[in-house]
Amino acid sequence: MRLLPFTLLFGAAALAAAASASDDENPDQENTYFNQKKVPPMLELTESNWEEEITASKWLMVKHYSPWCHHCQAYAPTYQTLYELYYTSTPEGSGNENADFTKFYDFRFASLNCVAFADLCEKHNVTAFPQTVLYKDGKQEGDSLRGVKDLPSLSKVIEEALEKTKPGTRPKSLDLPKPGDTESPAFKQTLTLKKDGKGADPSQNAKAAATTKAAAGHRAVSKKPKKPTATPNPDGQSVVLTADSFQTRVTMTQEPWFIKFYAPWCHHCQAMAPNWEQLAKEMKGKLNIGEVNCDANARLCKDAKLRGYPTILFFKGGERVEYDGLRGLGDFVHYAEKAIDIASGVQDVDAASFKELEEKEEVIFVYFYDHATTSEDFLALERLPMSLIGRAKLVKTQDEELYKRFKITTWPRLLVAREGRPTYYAPLTPREMRDTHQVLRWMRSVWLPIVPELTASNAREIMDGKLVVLGILNREDQDRFFQSKREMKSAANEWMDKQIQLFQLERQELRDAKQLRIEEAEDRNDQRALRAAKAIRINMDKSDHKEVVFAWCDGVFWQRWVRTTYGIDVKDGERVVINDEDNRRYWDQTITGNYIIPSRTSILETLNKVTANPPKIKPKLTISSFEKIFFDIRVTFSEHPFLTIGCILGVALGGASWFRGRLRRTRGGHFRLGEDVGVMKDFKAPLLGSNANGKVD
């Protein structure tokens, strides 16, 4: 992991946590045991003790690490076992079986938290985690060991240093334990012989038994107790939160909370209140339930940027996600149980546990990582589960068998498995993999099952902007119901396979066209055309075809809606409609005029005709013809607002011009020759004419 400047931001928090831990915990409780010998806690270096400890012994091996670094976490057991092995070992050349390794070789082990003491690590040129450095008399000896190292590599460096200090005192070879072991292989063999009564006299056996018993007693006494964790929601009640208690109990802790923000005068809040109280009882001892009165805590609700009442939010630490489901008790309980599961963090799985998970979950997001995955990648991953509550399961893995199953060759990699069918997240660069907003946008597009159930909470998500193959099924007839679902899943999988093939074919055609342009420009030696051809980007994101999805609904539960919208009654048999919600139309018949039924053949042959441009089957309307006129006008205005405004202004100006002309003709505002001629007809001139002043001579 690279040492980035942002790690400095965590220094103060880490120091405070370390100080708190040192005040609350007794160092004696952190003792471990190796080969039935007590091992004290490893030396932790800080800025205050660095200068003193670095020269306190001839040799000092220091592990530089970050608490959030995944590689450091994987390396920790190896380094701890290395320390315990050498601390409890007896120098062979000392002549004293009770000789102390640390004093005999003047060799110690230590660790340095580079998040809490970033300046100190930068001062000593630590640029990556973990990094192990051997110091001799306060100065670095040899090259630093970067990354995760195994016990043999570390032991080789230490043995060379020990041999320099006390030549001839080290064994020719060491039988090293595995990381995390509490006994060396040689010690295990000795215990086995003693247990069998071979190679030891009774006094030695008794001594060994007494030593074992004493060590077991010490382990039982000094075993570090787990910190008591407060039981969530102990009384089964919704906790009334104020601005102060909200900060101390919700924001400043890592405990999950499910909180409603309400107003006493809100009728929807009043209607929801009984279900919320019952939810608190159901979640007793499982999840904290709270409520905030926004009339009494207006500033808190304003800071939360609520859009209305009631608003229900799930909190964990400083993160939150809004609950947008239905407000029934069952909906609340279902969401809360999913929240408890996801709030515990991203589960690490292997092939066996993933197979068990597939039997319970329809949609699983899988994050593949390896030893080179950085802590920044894992921090970005930990921000995702909150948005998946009630939607899907997120897990991570580094299992080789899963690598082979999903053909993973680059890390990290993200995919979604829906009933075993993988869909891969296309971006692969580190920046794109850490872009939480971009990843969540992709997750939202694929987090529904292949054939989800249509409910009131997901109806908009499924129906809007898509062509939906909707199966109207009867759940009461179980045999027929499961058979119909299998047929719909089979049709959905076959349709998806076909679309992938068409996508690949279209992409290949675009690539071939680009290559032809490049070759043509090269043949003509036209550098300008060659640069233009190479600059062509093959963009497959935009498509003229509407996305096709599959879903089913319970025809008995949605009987009224199904009958009024599609004119179908599930009692007459299960049916399938292909719905285009954006245009308020649907298809319920095949090209031969028969009804579409939950059959793979019936669905696919009709779907091909419907997706043609224009459709080869005449659609039906979900609204009346009169409503369709106003709907089309509204759609046109929303899709082409400027053109529509221009047309309206043109019609308005034309109408105004016509009305103005009409008005002028009615009032006689212009000079008209016919009317003047009529007046002149009634006027008779004198016999001899008239002069200019009207007098007659």
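Within segment 439-458, residues that are charged (D, E, K, R) have Cβ atoms under 8 Å from residues that are not in a loop (DSSP other than H, G, I, E, B) in these pairs: Glu453/Ala551; Glu453/Trp552; Glu453/Cys553; Glu453/Asp554, counting only partners at least 6 apart in sequence or on another chain.
On the given criteria, is Pro412 crowded, with 17+ Cβ neighbours inside 10 Å, in contact with a Ser or Thr (Cβ under 7 Å, 6 or more places away or on another chain) and in contact (Cβ under 8 Å) with a residue 24 or more places away in the chain? Considered against the rule, which asks whether it is crowded, with 17+ Cβ neighbours inside 10 Å, in contact with a Ser or Thr (Cβ under 7 Å, 6 or more places away or on another chain) and in contact (Cβ under 8 Å) with a residue 24 or more places away in the chain, Pro412 comes out as yes. All conditions in (1) at pLDDT below 80; (2) assigned to a helix (DSSP H, G or I) hold for Ala200, with the sole exception of (2).
Of all the numbered requirements in (1) modelled with pLDDT of 90 or more; (2) assigned by TED's automatic domain parsing to the domain that holds Val570; (3) surrounded by 13 or more Cβ atoms within 10 Å (Cβ to Cβ), Leu454 misses one, and that requirement is (2). Taking the criterion of being exposed (fewer than 15 other Cβ atoms within 10 Å of the Cβ) and assigned to a loop (DSSP other than H, G, I, E, B), the residues of segment 416-434 that qualify are Gly420, Ala426, Pro427, Leu428, Thr429. Every listed requirement among (1) within 30 Å of Cys69 (Cβ to Cβ); (2) not in a loop (DSSP other than H, G, I, E, B); (3) not assigned by TED's automatic domain parsing to the domain that holds Phe246 is met by His371 save one, (2). Counting only helices (runs of 4 or more DSSP H) that sit completely within segment 442-543, those holding 3 or more residues that are under 30 Å from Ile568 (Cα atoms) correspond to 459-463, 478-524. Taking the listed residues Arg634, Arg584, Arg660, the one that is of a type in the set (Lys, Arg), modelled with pLDDT under 95, over 30 Å from Asp497 (Cβ atoms) and over 38 Å from the mean Cα position of the chain (by Cα) is Arg660, with no other qualifying. Here Glu291, Glu362 are screened, and the one residue that is acidic (Asp, Glu), surrounded by 19 or more Cβ atoms within 10 Å (Cβ to Cβ) and in contact (Cβ under 8 Å) with a residue 12 or more places away in the chain is Glu291. Go through (1) of a type in the set (Phe, Trp, Tyr); (2) in contact with a Phe, Trp or Tyr (Cβ under 7 Å, 6 or more places away or on another chain); (3) within 27 Å of Leu313 (Cβ to Cβ) and name the single condition Tyr425 misses. Tyr425 satisfies every listed condition except (3). Among the residues of segment 310-330, not a single one is under 20 Å from Thr251 (Cβ atoms) and in a helix (DSSP H, G or I). Does Arg475 count as in contact with a strand residue (DSSP E or B) (Cβ under 6 Å, 6 or more places away or on another chain), surrounded by fewer than 20 Cβ atoms within 10 Å (Cβ to Cβ), touching a residue at least 60 places away in the same chain (Cβ under 8 Å) and in the same structural domain as Asn579 (by TED's automatic domain parsing)? The answer is yes for Arg475. On the given criteria, is Ala74 within 28 Å of Thr182 (Cβ to Cβ) and within 40 Å of the chain's Cα centre (by Cα)? Yes. Kindly indicate whether Leu510 is touching a residue at least 12 places away in the same chain (Cβ under 8 Å), out of contact with any helix residue (DSSP H, G or I) (no Cβ under 7 Å at 6 or more places or on another chain) and over 30 Å from Arg600 (Cβ atoms). Against the criterion (touching a residue at least 12 places away in the same chain (Cβ under 8 Å), out of contact with any helix residue (DSSP H, G or I) (no Cβ under 7 Å at 6 or more places or on another chain) and over 30 Å from Arg600 (Cβ atoms)), Leu510 qualifies. Restricting Glu52, Glu44 to those that are closer than 23 Å to Gly138 by Cβ, in the same structural domain as Gly138 (by TED's automatic domain parsing), surrounded by fewer than 19 Cβ atoms within 10 Å (Cβ to Cβ) and out of contact with any strand residue (DSSP E or B) (no Cβ under 7 Å at 6 or more places or on another chain) reduces the list to Glu52. The one condition from (1) under 20 Å from Val439 (Cα atoms); (2) assigned by TED's automatic domain parsing to the domain that holds His268 that Gly308 does not meet is (1). Going by what's in this entry, would Gly390 be described as within 13 Å of the chain's Cα centre (by Cα) and on the phi > 0 side of the Ramachandran plot? The answer is yes for Gly390.
Just one of the numbered conditions (1) hydrophobic (A, V, I, L, M, F, W, C); (2) outside any strand (DSSP E or B); (3) in contact (Cβ under 8 Å) with a residue 12 or more places away in the chain is not true of Phe109; which one? Only one criterion is unmet by Phe109, namely (2). Scanning segment 405-443 for residues that are among the small types (Gly, Ala, Ser) and touching a strand residue (DSSP E or B) at 6+ places or on another chain (Cβ under 9 Å) yields a single hit, Ala417. Looking only at residues of segment 501-522 that are exposed (fewer than 12 other Cβ atoms within 10 Å of the Cβ) and within 36 Å of the chain's Cα centre (by Cα), we find that the one that is farthest from Asn539 (Cα to Cα) is Gln501.
Pairing each residue of segment 145-162 that is surrounded by fewer than 16 Cβ atoms within 10 Å (Cβ to Cβ) with any residue that is of a type in the set (Val, Ile, Thr) and in a helix (DSSP H, G or I), provided the two are 6+ apart or on different chains, yields C-beta distances under 7 Å for Asp150/Thr78. When segment 352-377 is filtered for residues that are at pLDDT below 90 and of a type in the set (A, V, I, L, M, F, W, C), only Ala372 remains. Each residue in segment 342-353 was checked for being surrounded by fewer than 16 Cβ atoms within 10 Å (Cβ to Cβ), assigned to a helix (DSSP H, G or I) and touching a residue at least 24 places away in the same chain (Cβ under 8 Å), and 1 of them qualify. If we keep just the residues of segment 539-556 that are closer than 21 Å to Glu453 by Cα and at pLDDT below 90, which is surrounded by the most Cβ atoms within 10 Å (Cβ to Cβ)? Selected residue: Lys546.
The values are calculated or read from the model by the stated rules, or taken from the named source; none is laboratory data. Note that the structure is predicted; figures quoted are calculated from it, not measured. Methodologically, a virtual Cβ is constructed for each residue, glycine included, from the backbone with ideal geometry; neighbour enumeration extends over all protein chains shown.
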